[in-house]
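Everything below concerns the one structure shown next.
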Amino acid sequence: MKYQMSKNYNLQYWNELCESFEAVNGVVGARKIMDIPFDIAKWDSLGDYYSQVISKEYKGKNGQFFTPQTIVNYLIESTKYKSNQTVADISCGSGRFLLVVLEKMIAEKKELQEIQEQVFGFDIDSALVRITLANIRSFLAREGYQIQLNTMFNISVQNSLENGVGLFGKKYEFDCILGNPPYLKATPKKNLGHPNLYASFVEVGINYLKKGGKLGFIIPKSFVSGTYFARLRQILSKRVLTKEVITLYERDKAFSDVLQEQVLLTLENREPNFKDITVGVAFTNGEFKIKKFLSAFSIVFWDEDIMCIPSHESDINLINKCFKNGFTKIHNSGLKVSTGQIVAYRRKQYFQEKEKQQYRPLYWSHNITSFGFEPNKKQNKRSEKMMDSEEVKSEKLYEEVLAFKRISAKEQNRRIEGALIPKSKNGYFLENHLNFMKRETEKAPSLKVMELLLNSQLWDKLFRLINGNTQVSAKEIRIFPIPHNIESLENYERGKIDEKRLEKIIHQSYELSAEESDYILSSRKVMV
Ligand SMILES: C[S@@+](CC[C@H](N)C(=O)[O-])C[C@H]1O[C@@H](n2cnc3c(N)ncnc32)[C@H](O)[C@@H]1O
């Protein structure tokens with residue numbers, strides 16, 4: 001075959017395929033050059049085909065994952081897009097959002113000229129711009145518009161984040177911006193201080209909006225916590241009116257290759273009113289279903305450090321009762337939460353055994369499970385001990401600590417897993433994938449009780465509400481609430497009391513109702 005199948009990127013191949021696609025769809029002047037290797041009747045069959053034949057590496061490196069039609073439809077609905085508005089997808093891929101926009105314009109019998117003037121699409125990738133054009137031309141031709149191969153549309157190759165167009169200039173202003181920006185790591189300096197391109201796209205998207213214009217994006221949920229995303233949270237809470245944040249329930253089903261948790265964000269370019277925000281969950285397996293409800297602004301945006309996206313109405317009560325009920329937070333209770341100091345690649349030379357040297361145990365994340373400290377558990381070639389020396393003295397611990405894993409995923413049964421490490425006369429080291437809690441004053445709660453709380457279903461639920469990535473950061477745990485009558489929990493020991501009963505006793509200490517308690521016990525299975 002002429003192009004040996006285009007696993008590798010080949011612009012000429014896509015040009016010819018697009019023109020053939022246009023020809024069979026009735027675009028005047030398009031010549032049929034090659035056979036179409038897919039069923040053209042399917043929605044965005046061109047984009048689907050591109051996704052199939054382009055290598056996974058290329059798509060991953062360039063953030064090219066196309067949005068399912070149900071989600072496109074929903075964002076168009078949530079932004080209340082009207083067919084007389086100007087609309088843009090500033091990272092348009094194969095043009096899926098624009099195809100649904102066209103459907104609406106066609107239903108309203110818009111003239112070709114209006115379509116040409118009102119619909120905009122940009123992408124950095126020439127092949128995708130060509131595909132979007134072919135999709136638009138073919139769709140309009142099929143619907144009876146007189147489309148020539150040279151009929152112009154506002155679809156162009158652009159780096160939407162580039163100087164002059166996006167970041168620093170205002171060449172365009174739209175009523176509506178729709179899309180699914182690329183999720184790619186970025187250098188914060190070059191991207192308006194954002195760590196990931198999707199956050200830069202939200203900011204640039206807002207810059208492209210008219211006053212009162214709306215933006216509807218599907219983006220990862222990682223911006224809800226972590227210092228890196230403070231700028232985006234600040235924009236969403238202080239600069240614009242954030243109207244909706246809906247969590248996508250099936251993490252890896254909406255896009256077959258995307259592994260991040262995602263949300264559907266809708267905002268308006270005007271001053272925030274600090275009133276209710278629509279939140280909820282969208283289920284994307286099979287039929288698209290959405291459950292929405294209103295939440296107070298103060299539940300969603302706490303401060304610059306934390307955002308919380310309730311997915312169930314009961315979550316609002318939980319947040320109010322646990323985080324906003326005047327309980328002392330961990331960092332004010334005499335407890336200190338830190339991260340293990342040993343970064344393995346920096347301390348490698350201390351792992352090699354040398355004669356006449358003193359060695360101390362080194363504990364890793366695999367040595368800790370929920371309530372389980374397994375000092376002798378081995379994993380791969382990870383060193384079980386580390387050389388003691390003047391240089392690493394300050395990284396050594398002697399006291400009892402409550403260690404907990406720093407990385408966990410939504411699918412795991414528990415997001416927070418911790419266990420006590422007993423005190424040691426000669427000391428020990430903790431690797432950097434573990435966090436730990438220790439007592440700094442006599443008044444601090446006992447670590448045994450903290451172990452019960454840390455591993456409780458209640459804390460797991462609360463943690464899921466305020467976290468959008470795979471990290472369990474010390475910073476997030478520091479704001480967790482300590483119940484008033486914590487001493488009463490001293491009487492309970494795991495293993496000596498039925499687990500469900502213990503969980504309920506913990507709930508009572510936070511003054512939760514029986515219904516709220518049942519909600520937590522049942523939500524373990526659902527994990528939202
Ligand atoms: C996740 S895809 C979404 C495509 C389309 N909006 C959709 O929802 O199906 C993101 C797109 O952004 C494009 N892209 C990446 N960096 C870009 C940039 N700096 N400017 C414009 N487009 C960019 C990629 O080529 C890719 O097509």
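The values are calculated or read from the model by the stated rules, or taken from the named source; none is laboratory data. Fair warning: this is a prediction, and the values are worked out from it, not measured in the lab. Here the Cβ is made from the backbone with ideal geometry for all residues, glycine too, and neighbour counts use every protein chain on show.
Out of the residues in segment 75-96 that are more than 9 Å from the ligand (Cβ to nearest atom) and among the small types (Gly, Ala, Ser), which is nearest to Ile218 (Cα to Cα)? For segment 75-96, the residue satisfying everything is Ser78. Among the candidates Ala296, Ala344, Ala403, Ala409, the residue that is under 30 Å from Ile235 (Cα atoms) and touching a residue at least 24 places away in the same chain (Cβ under 8 Å) is uniquely Ala409. Being touching a residue at least 40 places away in the same chain (Cβ under 8 Å) and either within 15 Å of Gln341 (Cα to Cα) or out of contact with any helix residue (DSSP H, G or I) (no Cβ under 7 Å at 6 or more places or on another chain) (or both): is that true of Ser365 here? Yes, satisfied. You will find that of Asp315, Asp303, the residue that is surrounded by fewer than 15 Cβ atoms within 10 Å (Cβ to Cβ) and either among the acidic types (Asp, Glu) or in contact with a Lys or Arg (Cβ under 6 Å, 6 or more places away or on another chain) (or both) is Asp303 and no other.
Condition (residue is outside the structural domain of Tyr249 (by TED's automatic domain parsing), closer than 20 Å to Arg382 by Cα and out of contact with any strand residue (DSSP E or B) (no Cβ under 6 Å at 6 or more places or on another chain)) applied to segment 410-431: is it met by at least one residue? Scanning segment 410-431 turns up no residue that is outside the structural domain of Tyr249 (by TED's automatic domain parsing), closer than 20 Å to Arg382 by Cα and out of contact with any strand residue (DSSP E or B) (no Cβ under 6 Å at 6 or more places or on another chain).
Being of a type in the set (Phe, Trp, Tyr) and within 14 Å of the ligand (Cβ to nearest atom) is the filter here, so list the residues in segment 27-48 that pass it.
Once the filter is applied, which keeps residues that are of a type in the set (Phe, Trp, Tyr) and within 14 Å of the ligand (Cβ to nearest atom), segment 27-48 yields only Trp43.
Among the residues of segment 126-137, is there at least one that is of a type in the set (D, E, K, R), away from the ligand (no atom under 13 Å from the Cβ) and touching a residue at least 12 places away in the same chain (Cβ under 8 Å)?
Yes.
Report, by residue number, each residue of segment 312-344 that is part of a helix (DSSP H, G or I) and among the basic types (Lys, Arg).
Lys321
Please indicate, with yes or no, whether at least one residue in segment 388-401 is within 30 Å of Glu487 (Cβ to Cβ) and polar (S, T, N, Q). No, there is no match, as no residue in segment 388-401 is within 30 Å of Glu487 (Cβ to Cβ) and polar (S, T, N, Q).
Taking segment 197-212 as the range and being of a type in the set (D, E, K, R) and under 22 Å from the mean Cα position of the chain (by Cα) as the test, only Glu203 passes. When Val72 is tested against (1) within 12 Å of the ligand (Cβ to nearest atom); (2) of a type outside the set (D, E, K, R); (3) in contact with a Ser or Thr (Cβ under 8 Å, 6 or more places away or on another chain); (4) at negative phi, just one condition goes unmet, and that condition is (3).
Could you tell me how many of the residues in segment 179-214 are part of a strand (DSSP E or B) and away from the ligand (no atom under 13 Å from the Cβ)?
6
Considering only residues in segment 103-124 that are within 16 Å of the ligand (Cβ to nearest atom) and surrounded by 21 or more Cβ atoms within 10 Å (Cβ to Cβ), the one that is farthest from Lys82 (Cα to Cα) turns out to be Asp123. Taking the numbered list (1) touching a helix residue (DSSP H, G or I) at 6+ places or on another chain (Cβ under 6 Å); (2) at negative phi; (3) small (Gly, Ala, Ser) in turn, Gly95 passes all entries but (2).
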